[in-house]
Amino acid sequence: MKKTVRIKLTYIIPILILLISCNQKQKQIDTWNSPIAEYRAEKNLKLEKGKIESKNKRMVADTITNWQFYKDSELLFKSNFFDSNLFTAKIKTTDNYENLILLMFYDFNNEIMERKIELVFDKQVLATFVDENRSHSPFKIPKSEINKIVGENIGKEIYINYSDSINKNGLTVGMLKFITE
C-alpha cells in the first residue's frame, strides 16, 4: 500500500508544481497587461445631494483601442493603439468619393464627446475638423474640405492626428498622401 501511495505522490507532485508555475506566469501576464487595459477618463467633481463623484474614474477595457480609415466604404487602412506601423492612405487627386471616414473604437465608451482630427505636415496644421458625436460614430470629412488642402500638398505624407476627451494629447492614426497617378 505504501508503494501505491508513493507512486501516486510521484505523479501528483509534478502536476502541483506545474499548476503553481502556471499561476505565477498568469500573474506576470496580468501585471504586464494591466497598464494596457486601464484607461482614465476625467470627470468633473460633482456634489449632488451629498453624493461625491470621483474626479478621476478608472475605466478598464478588455481590448485595445482600434481605428479604421475609409474613403467612403473602401477601407484604406486599419490599426490599433499598439501597432508600431503608421499606415499611409494614398488617394488619387482624381478619385471620386464623398467623404474620408475615421472610425475609432473604444469598447468601454460610446458617450457623446467632442472629437478632433488635424491634418499635419512638417509640424504645421493644414486643416482641423471638429465634431461632437458618439465615440463609435463615423467621423466624416467631406471631400470638399479635403480639396482645399490637396493642391499644394501633392506627394507629401500628411499626418492624421486624432484627439477626444479620452485621448486629450491626441494620437497619430496614420498618414494621407495625395497622388496624381
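The values are calculated or read from the model by the stated rules, or taken from the named source; none is laboratory data. Note that the structure is predicted; figures quoted are calculated from it, not measured. Counting neighbours? That spans all protein chains shown, and the Cβs are built from the backbone with ideal geometry, glycine included.
The figures follow:
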{"read-out": "Subset tally (residues that are under 17 Å from Leu100 (Cα atoms) and among the basic types (Lys, Arg)) for the stretch 125-181", "value": "4"}
{"read-out": "Of residues in the stretch 133-181 being part of a helix (DSSP H, G or I) and of a type in the set (Asp, Glu), the one surrounded by the fewest Cβ atoms within 10 Å (Cβ to Cβ)", "value": "Glu152"}
{"read-out": "In the stretch 100-130, the residues that are farther than 15 Å from Gly170 by Cβ and among the acidic types (Asp, Glu)", "value": "Asp107, Glu111, Asp122"}
{"read-out": "Number of the exception - Val130 against (1) surrounded by 16 or more Cβ atoms within 10 Å (Cβ to Cβ); (2) modelled with pLDDT of 95 or more", "value": "(1)"}
